[in-house]
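Comments concern the structure below.
The values are calculated or read from the model by the stated rules, or taken from the named source; none is laboratory data. These numbers were taken from a predicted model, which means no experiment stands behind them. Cβ coordinates were reconstructed from backbone atoms using ideal geometry, including for glycine residues, and neighbour counts include every protein chain displayed. To get the accessible areas, we keep the full protein, side chains included, count just its heavy atoms, and leave off ligands, DNA and RNA. Shrake-Rupley method; radii C 1.70, N 1.55, O 1.52, S 1.80 Å.
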Amino acid sequence: TESFAWLLKAHLRAGLPYHDDVEPNVVEAMAPCSDADSEDVKFLTKGAHGPLNCLILLTDACWKLKDSSNAPFEVSSELHKFLQTLCGVMGACERLLKTPIPLSYTRHAGRTLMMFLCLLPLTLAPAMGWTLVPAIFILSYLLLGVDEIGVEIEEPFAILPLTPICESVKSGQKTCRETFGYK
């Protein structure tokens, strides 16, 4: 699951200027069960869709666990529910990423805001006098700031702190391994 978190982060931030290399984190996450040159690590890091490849490997591991250890049906069922949840999370993130706000909407909102800010002084000048200048400056700063925040929210994975989330998954997985006596 740690590998899934790092791979999903990299997948969601692909193409961004500060896109980091996911391979060292995946190699470290896979260290307890395979070496850095293993086929699984290459499959995860070199594949076209790392998170999906990770889900494929996790599903395969669940089937092998069920077949080899005679695990109860309930355990296998819960593991598959967990994998379905991960798949749902991945799908929701991809829908957010691939459904941007249309460029025409963004342009129209910006132009309308500028027209409003340019025409507002004409209507308020007789009533406010010289106090209009700082009032329009403050109002422009606030409204243009809200517009810029809206543009930033269109690309949420660029600004969300995904690294601490991945580190939290890593810490939780390490605690589970230590608790149950795994490497």
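A few points about this structure:
- Whichever residue in the range 169-181 is out of contact with any helix residue (DSSP H, G or I) (no Cβ under 9 Å at 6 or more places or on another chain) and either open to solvent by 90 Å² or more (accessible area, probe 1.4 Å) or of a type in the set (Ser, Thr, Tyr) (or both) and, among such residues, is nearest to residue 125 (Cα to Cα): 171
- With respect to being farther than 30 Å from residue 5 by Cα and not in a loop (DSSP other than H, G, I, E, B), residue 107 fits the description.
- Top-ranked residue in the range 39-71 [being closer than 30 Å to residue 159 by Cα and open to solvent by 50 Å² or more (accessible area, probe 1.4 Å); ranked as nearest to the chain's Cα centre (by Cα)]: 52
- Only one of the listed residues (94, 78, 74) is among the acidic types (Asp, Glu), open to solvent by less than 60 Å² (accessible area, probe 1.4 Å) and either assigned to a helix (DSSP H, G or I) or out of contact with any Leu (no Cβ under 6 Å at 6 or more places or on another chain) (or both). That residue is 94.
- Tally, over the range 136-168, of residues that are open to solvent by 40 Å² or more (accessible area, probe 1.4 Å) and either closer than 20 Å to residue 110 by Cα or of a type in the set (S, T, N, Q) (or both): 18
Per-residue answers, yes or no, for (1) in contact with a helix residue (DSSP H, G or I) (Cβ under 9 Å, 6 or more places away or on another chain); (2) under 18 Å from residue 157 (Cα atoms):
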{"residue": "13", "(1), (2)": "yes, yes"}
{"residue": "25", "(1), (2)": "yes, no"}
{"residue": "76", "(1), (2)": "yes, no"}
{"residue": "83", "(1), (2)": "yes, no"}
{"residue": "98", "(1), (2)": "no, yes"}
{"residue": "115", "(1), (2)": "no, no"}
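- Any chance residue 153 is touching a Gly at 6+ places or on another chain (Cβ under 9 Å) and more than 30 Å from residue 24 (Cβ to Cβ): no
- Out of 83, 122, 113, sole residue that is of a type outside the set (Ser, Thr, Tyr) and under 20 Å from the mean Cα position of the chain (by Cα): 83
- Filter result for residue 100 (in a loop (DSSP other than H, G, I, E, B) and surrounded by 11 or more Cβ atoms within 10 Å (Cβ to Cβ)): yes
- Contact map, the range 104-116: first residue open to solvent by less than 90 Å² (accessible area, probe 1.4 Å), second residue modelled with pLDDT under 90 and assigned to a helix (DSSP H, G or I), Cβ cut-off under 7 Å, separation 6 or more or different chains; pairs are 106/151.
- Residue 125 meets each of the listed conditions (1) under 22 Å from residue 1 (Cα atoms); (2) surrounded by 11 or more Cβ atoms within 10 Å (Cβ to Cβ) apart from (1).
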